[in-house]
Amino acid sequence: MTVRFADFLFPKQCVGCGRGGKFLCDRCLSLQLPASQVCIECERPSVDGITHYRCKRRHGIDGVYCLWRYDGVIRKALISLKYRFAFEIEEEISKQVVRSVIKRSVVVSHNPIFTCVPLHISRERWRGFNQAGILAMNISKSLGCRFFPDLVVRKKKTTPQVGLGKKERSKNLRDVFEVNIDRYGDCRKEKIIIFDDVVTTGTTMKEMAKALKKAGFDNVWGLAVAR
């Protein structure tokens, strides 16, 4: 095992309990509760997050699978990645996602194409990275899947979703996303997985799925670390 010099200067500590060695220790992960799998439209229980047949919409998402509840060590790790630029945490989060999602054949079947929830270009330039994109890139690579970060682009800057109600979120994101059809039009029959770190109401994924479905993509799923 290779020990990096940085590990001596900044030793890894679990973001949950402070134990040394990892950012996500085995004990804290064992205490982490899985997310309840629900239909993203009606929020009632659903196997692997599949959208209920009765809830299906013409341009609706086919399902959204979330791994853990947004609390505990997972919440602290995602906050550290998003706001503290702690990139080393990303590697451990990605590994845990791959271990969990590889068991869910309905989610990663048919060699899907991964994309991610895009930031507006001004926001990404300010932050310097897209945390969902970094995670999606490494997860897709570990699963042997393709990753197209610019499959869907954000046409305009919006108000942050935090603090907005369900209706306000939907209005805020209406017609915000556009599919890069000139570059990826030949992939319309492929399964697409939209990846994000956290799902709240699912509005963002549903709006992205709507843009993809309108562009002719038949099979669109969502995958998130936490809900």
Please turn the phi angles of region 140-148 into ³J(HN,Hα) values with the Karplus equation 6.51 cos²θ - 1.76 cosθ + 1.60 (θ = phi - 60°), one per residue in order, whole Hz, x for glycine and proline.
-> 5, 5, 5, 8, x, 10, 7, 10, 10
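If you count, for each residue, the other Cβ atoms within 10 Å and average over each peptide, how do 183-189, 204-210, 130-136, 38-44 line up from highest to lowest? Working shown, then result.
Values: 183-189: 13.0, 204-210: 24.0, 130-136: 22.4, 38-44: 17.0.
Sorting 183-189, 204-210, 130-136, 38-44 by mean packing, highest first, produces 204-210, 130-136, 38-44, 183-189.
Which order do the peptides 64-75, 91-102 come out in when sorted by mean C-beta neighbours inside 10 angstrom, highest first?
Values: 64-75: 20.5, 91-102: 17.1.
My ranking of the peptides, most packed first, is 64-75, 91-102.
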Taking amide H positions as placed in the peptide plane 1.01 Å from N, state which residues far from residue 145 in sequence (5 or more) or on other chains have amide H under 5 Å from it.
-> none
Can you grab the distance from the C-alpha centre of region 32-80 to the C-alpha centre of region 192-224, Å, no decimals?
-> 12 Å
In terms of modelled amide H atoms, which long-range or inter-chain residues lie less than 5 Å from the amide H of residue 113?
-> 191, 192, 193
Estimated vicinal HN-Hα couplings, Hz - region 45-50 in sequence order (Karplus 6.51, -1.76, 1.60; Gly, Pro = x) | x, 8, 5, 6, x, 5
Using a cut-off of under 15 Å, list every residue of region 183-209 whose amide N is near the label point 7 Å from the Cα of residue 111 along the Cα-to-beta-carbon line.
-> 187-192
For a quick protection proxy, order the peptides 57-63, 76-82 by their average other-Cβ count within 10 Å, most packed first.
-> 76-82, 57-63
R0 of 30 Å, Cβ-Cβ distance residue 183-residue 58: FRET efficiency to nearest 0.05 | 0.75
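Coordinate-derived values only; no laboratory data. Nothing here was measured: the structure is a model prediction, and the numbers come from that model. So basically every Cβ, Gly included, is an ideal-geometry build from the backbone, and we count neighbours across all protein chains shown.
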